[in-house]
1. Hey, can you tell me all the residues within segment 1-31 that are more than 17 Å from the chain's Cα centre (by Cα), part of a loop (DSSP other than H, G, I, E, B) and farther than 22 Å from Gly100 by Cα?
2. Report yes if some residue within segment 45-64 is closer than 27 Å to Ser19 by Cα, modelled with pLDDT under 95 and touching a Lys or Arg at 6+ places or on another chain (Cβ under 8 Å); otherwise report no.
3. Tell me, please, whether a residue that is in a strand (DSSP E or B), farther than 19 Å from Leu5 by Cβ and touching a residue at least 12 places away in the same chain (Cβ under 8 Å) can be found in segment 102-112.
4. Considering only residues that are in a loop (DSSP other than H, G, I, E, B) and over 13 Å from the mean Cα position of the chain (by Cα), which ones fall in segment 32-57?
5. Quick one: in segment 78-129, of everything that is aliphatic (A, V, I, L, M), modelled with pLDDT of 90 or more and farther than 19 Å from Lys15 by Cβ, which residue is surrounded by the most Cβ atoms within 10 Å (Cβ to Cβ)?
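The values are calculated or read from the model by the stated rules, or taken from the named source; none is laboratory data. Because the structure is a prediction, the values reported are computed rather than measured. Methodologically, a virtual Cβ is constructed for each residue, glycine included, from the backbone with ideal geometry; neighbour enumeration extends over all protein chains shown.
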Amino acid sequence: MPTPLDPRKKPTSVKIHVSSGAGVDVTWADGHASHYDFAYLRDECPCATCNDERAKKEDFKSVAPGMAASPLLPMYKPKARAKAATPVGNYAIQITFTDGHSTGIYAYDHLRSICPCAECAKTFRAAVG
């Protein structure tokens, strides 16, 4: 039997501002409002490829603390923006970014867990990490 969804992770309103580039605004069932910049969402992409890349960076940090995992002279990389966004059922959104990445599906419970505010970090990420 599936675990019931935490009611605090249920959105009552989702606004995706692709054309203005403003990001994603979500109002949750408990009244909390979250704002996500597209660059932040790109960095927090939940797809398997991005999760593997984050794990490799963490492994490198643990093996060689203090050493940079990136090249000495990194190329300029513009901030990721959204080209399009589509709903996935009634549980998630999928965003296509200007860098061509589009495989991440942002489930609403995941979005609440990565809300950038300190309150959500304490409530939802402290228990996980």
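1. Met1, Pro2, Thr3, Pro4, Leu5, Asp6, Ala29, Asp30, Gly31
2. No; the residues of segment 45-64 include none that is closer than 27 Å to Ser19 by Cα, modelled with pLDDT under 95 and touching a Lys or Arg at 6+ places or on another chain (Cβ under 8 Å).
3. Filtering segment 102-112 for residues in a strand (DSSP E or B) gives 105-107.
Narrowing further to those that are farther than 19 Å from Leu5 by Cβ: none.
Checked segment 102-112: no residue is in a strand (DSSP E or B), farther than 19 Å from Leu5 by Cβ and touching a residue at least 12 places away in the same chain (Cβ under 8 Å).
4. His32, the sole residue that qualifies.
5. Ala121
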